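The next block holds one structure in the form of structure tokens; read it before the comments.
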Amino acid sequence: MTLDALATVLVSGLVMGSVYALMASGLSLVWSTLGIFNFAHGALMTLGAYLAWTLAGSGVLGLPPWIAMLVAVALVAAVGVLLERLLIRPFYGHRAMLLVTVMTTLAATVFLSKGIQLVWGPRLKELPALAPGNVSILGTSISAQEALIVGVAPIVLGALWAFLRFSSTGRGIRAVGQNPQAAQLIGIDVPRLFAIAFALAAALAALTGILIGSVRLVTPSLGDEPLIKALIIVIFGGLGSMAGTIWAAYLIGLAEALLVFTIGIYWAPSTLFLLLILVLVLRPQGLMGKVVR
Amino acid sequence: MTDALEVDGLSGGYDDYDVVSNIGLTVGASERVGLFGPNGHGKTTILNAISATLARRRGTVRFFGQPVDRARPQAIVAAGLIHVPQANTVFPDMEIQETLELAAWTPRARAARAENLDRVLALFPRLAERRRQLARTLSGGERQMLSIGVGLMCAPRMLMLDEPTLGLSPKLKDELAQAIATISAGGIPILVVEQDVAFVLSLVDRMYFVNHGAITREIGRRDAVDHDEIMAMYFGAGATA
């Protein structure tokens, strides 16, 4: 492999890894706080992209792309609060909470994606680029939009980390994830923090959806494939470990780029799965997961 | 002076089944009171019913005169009635100091955070040594100290301790008993659940015997309770013969 080729693999791996890290971090946050998988995560990505389209220049309202993005992210966070209230809160403490919420969040996915088709129709939409043009990194030319994703991901993930580590709400979110009973006994309003964590994850989903949508086109199924990928990444990284999720995202992004380059686009996905299965056979708790949960 | 805690006609349990019924007890404003009795007879459930962590409960609970039987758990904590649960693992993946700082969650507790942290670290020097360690790495005794420390960080006006010495060595038991005595000497009333009669007697002014989900006897400090009587309470009258 020449140095040029290596640079290409590295750059495209970083782009993919950044997208994966952003979309999986929200899923991971919901898992380690509420102890459920949110299957509506992909639909929330799609919703974010469509809302941004409507708000931005090419849509109805004609807001500048950055403002449109921020407003769309905030709106999806509000939808997250609503989903938590309607679909998850009624089942806190239920014996089969994990399974019931698989059903309710899958139901939400169906409602959201059919609703999106109803409102916006099946035609593809093009989001205005947040950063137009091309840039060259390590001799590889990529769109400025992709470069933006590579730059934004560490900032957003770093902010998320700092929020969870240092802010009192963030610490509270970690506390209710680790031991809701003990959290309640120090006076934490547990359902309120669940709602905040869920809304934050929804905001991350929307942000990812908008970033993906501005590189590709916006379709009603925009979030479907990323949802599956994000699930795999969260499991591979180790359930309950945000750091594991982020490492896994970049690792899988780079591995995928390398496989696409060496064995081609047809065999890359299945080979990647084979590798992941192999790793999980040898290390069932994932990269950084806890052995007992 | 108003009692710290007045409980009257308190019943509660899980699903359709009452674990405890018609509980009545009081804890004076600077009193130490024990709840003792055999395992599985409802001592923990009584504490859960008082701290509102038990969903199904009825009866009246007054905390310094204010009714709290309809309050949500976080409101009860905010009022200063702090429940330190049994075998609490607290937050396994959080550092000790971080855990203690977090425990000062309610506005009242947050206002006193720095001074309470100093107090806790002075009371339990071992926690001070391990302040950067994760809670999951603590030994059983240290975890119990952290659990009580967390309770103190909540700025308690009264503490309810559920088997604070469960599974600890006699030496550690003594250490914790001293810590609890220090806390109580600071004017904080305490309701402590214990199975170890000797231990609870050394710690409290008065105690209640809990049997089959009800309080069946009240024993003052001056009432001499001999071994046979306790055996009788635990195992029925036949056991003393």
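Here are a few things to note about the model shown:
- Within region B:89-107, being part of a helix (DSSP H, G or I), open to solvent by 10 Å² or more (accessible area, probe 1.4 Å) and more than 9 Å from every other protein chain (Cβ to nearest Cβ) holds for B:Gln97, B:Pro107.
- When B:Leu168 is tested against (1) assigned by TED's automatic domain parsing to the domain that holds B:Phe91; (2) open to solvent by 10 Å² or more (accessible area, probe 1.4 Å); (3) over 30 Å from B:Val68 (Cα atoms), exactly one condition is not met: (1).
Conditions (1) free of Cβ contacts under 8 Å to residues at least 60 places away in the same chain; (2) surrounded by 16 or more Cβ atoms within 10 Å (Cβ to Cβ); (3) not in a strand (DSSP E or B), marked per residue:
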position: A:Ala129; (1), (2), (3): no, no, yes
position: A:Val135; (1), (2), (3): yes, no, no
position: A:Ser141; (1), (2), (3): yes, no, no
position: A:Glu146; (1), (2), (3): no, yes, yes
position: A:Ala153; (1), (2), (3): no, yes, yes
position: A:Leu157; (1), (2), (3): no, yes, yes
position: A:Leu160; (1), (2), (3): no, yes, yes
position: A:Leu164; (1), (2), (3): no, yes, yes
position: A:Thr169; (1), (2), (3): yes, no, yes
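Rundown of residues vs (1) within 20 Å of B:Val192 (Cβ to Cβ); (2) open to solvent by 40 Å² or more (accessible area, probe 1.4 Å); (3) outside any strand (DSSP E or B), yes/no style:
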{"position": "B:Ala49", "(1), (2), (3)": "yes, no, yes"}
{"position": "B:Arg57", "(1), (2), (3)": "no, yes, no"}
{"position": "B:Thr60", "(1), (2), (3)": "no, yes, no"}
{"position": "B:Ala87", "(1), (2), (3)": "yes, yes, yes"}
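- Hits in region B:62-85 (condition: away from chain A (no Cβ under 11 Å) and open to solvent by less than 10 Å² (accessible area, probe 1.4 Å)): B:Phe63
Residues checked against (1) of a type outside the set (A, V, I, L, M); (2) modelled with pLDDT of 95 or more; (3) under 16 Å from the mean Cα position of the chain (by Cα):
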| position | (1), (2), (3) |
| --- | --- |
| A:Met97 | no, no, no |
| A:Leu127 | no, no, no |
| A:Ala131 | no, no, no |
| A:Ser141 | yes, no, no |
| A:Val152 | no, no, yes |
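- Among the residues listed as B:Arg143, B:Arg72, the single one being closer than 24 Å to B:Thr44 by Cα and out of contact with any helix residue (DSSP H, G or I) (no Cβ under 8 Å at 6 or more places or on another chain): B:Arg72
- Per the listing A:Gly240, A:Gly187, A:Gly177, the residue uniquely at the interface with chain B (Cβ under 10 Å from one of its Cβ atoms), within 29 Å of B:Glu98 (Cα to Cα), outside any helix (DSSP H, G or I) and in contact (Cβ under 8 Å) with a residue 60 or more places away in the chain is A:Gly240.
- Here B:Ala111, B:Ala135 are screened, and the one residue that is open to solvent by 60 Å² or more (accessible area, probe 1.4 Å) and within 14 Å of chain A (Cβ to nearest Cβ) is B:Ala111.
The values are calculated or read from the model by the stated rules, or taken from the named source; none is laboratory data. Note that the structure is predicted; figures quoted are calculated from it, not measured. When we count neighbours, we look across all protein chains shown, and the Cβ atoms used for this are built from the backbone with ideal geometry, even at glycine. Surface areas here come from the heavy atoms of the whole protein model, side chains and all, with no ligands, DNA or RNA. Shrake-Rupley method; radii C 1.70, N 1.55, O 1.52, S 1.80 Å.
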